[in-house]
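Read the structure below first, then the notes.
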Amino acid sequence: MLWLVSLVVVAAIVLAAYISRQRVRRTLATEGMEGRLLYSDANRRGAVLKCESLGLKGKPDYVFEHDGQLIVIERKKREVTNQRPYEGELLQIAAYCVLAEERFGNEVKVGRLQYLNETIDVPFTAELRQRMVATLEQMRRAEQAGEAHRSHHRRNACAKCGFKSRCGEALA
Ligand code: SF4
């Protein structure tokens, strides 16, 4: 009898995961996102992605594969003005692009920032990658010198931050 209960529980878990995934797909499809969904942190259930060589960890909202290319998507709970993301948002999406490349073994060309009022595609260029790596290096040096300080109190921002593993003042 116990095996039957276990079977029902496992089936329920698999079904719930399937339904959740289908729901994410439907939501994304209505928002015009195409391609194969490789990763989702919807419901905060995505695995933590890691890049050991840079000491990075993080959870982007979605990773898609479309026409053989990876697209990393991060949703923002604010409106953007003049198509100008904050520097921190650009560095965060760059960190997520690195994490997606590491996890899925494919190059990322574009990170996508989805604001409440519009979507901005951020080309993941060598220059942006370099800026992100240089920022990590600065953080490392500031941390060693005891000079790194948080400039906000947003727990959610820290929870999803690509630099969390290198930050001495993370709130989550
Ligand atoms: S984890 Fe650190 S770097 Fe990231 S948002 Fe929080 S305070 Fe800023």
Legend entry - the range 82-172 - convex hull of the alpha-carbon atoms, volume per residue in Å³: 116
Legend entry - Distance (nanometres) between label positions extended 7 Å along Cα→Cβ at residue 45 and residue 81: 3.9
Inset, instruction - First measure r as the distance between the Cβ atoms of residue 137 and residue 66, then evaluate 1/(1 + (r/R0)^6) with R0 = 30 Å and state the FRET efficiency to the nearest 0.05. - result: 0.40
Legend entry - Listed peptides 161-168, 76-83 by packing density, highest first (mean Cβ within 10 Å): 161-168, 76-83
Inset, instruction - Could I have the simple spin-label model distance between residue 144 and residue 106, label points 7 Å from Cα toward Cβ, reported in nm to one decimal? - result: 3.8
Inset, instruction - Using θ = phi - 60° and the Karplus relation 6.51 cos²θ - 1.76 cosθ + 1.60, list the HN-Hα couplings for the range 110-123 in order, rounded to whole Hz, with x at every Gly or Pro. - result: 9, x, 10, 9, 9, 8, 5, 9, 6, 10, 10, 8, 10, x
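A short reminder: the numbers here are calculations on the coordinates, not readings from a lab. Every value quoted in this text rests on a predicted model; they were computed, and no experiment measured them. No Cβ is skipped: glycine too gets one built from the backbone with ideal geometry, and neighbour counts run over all protein chains shown.
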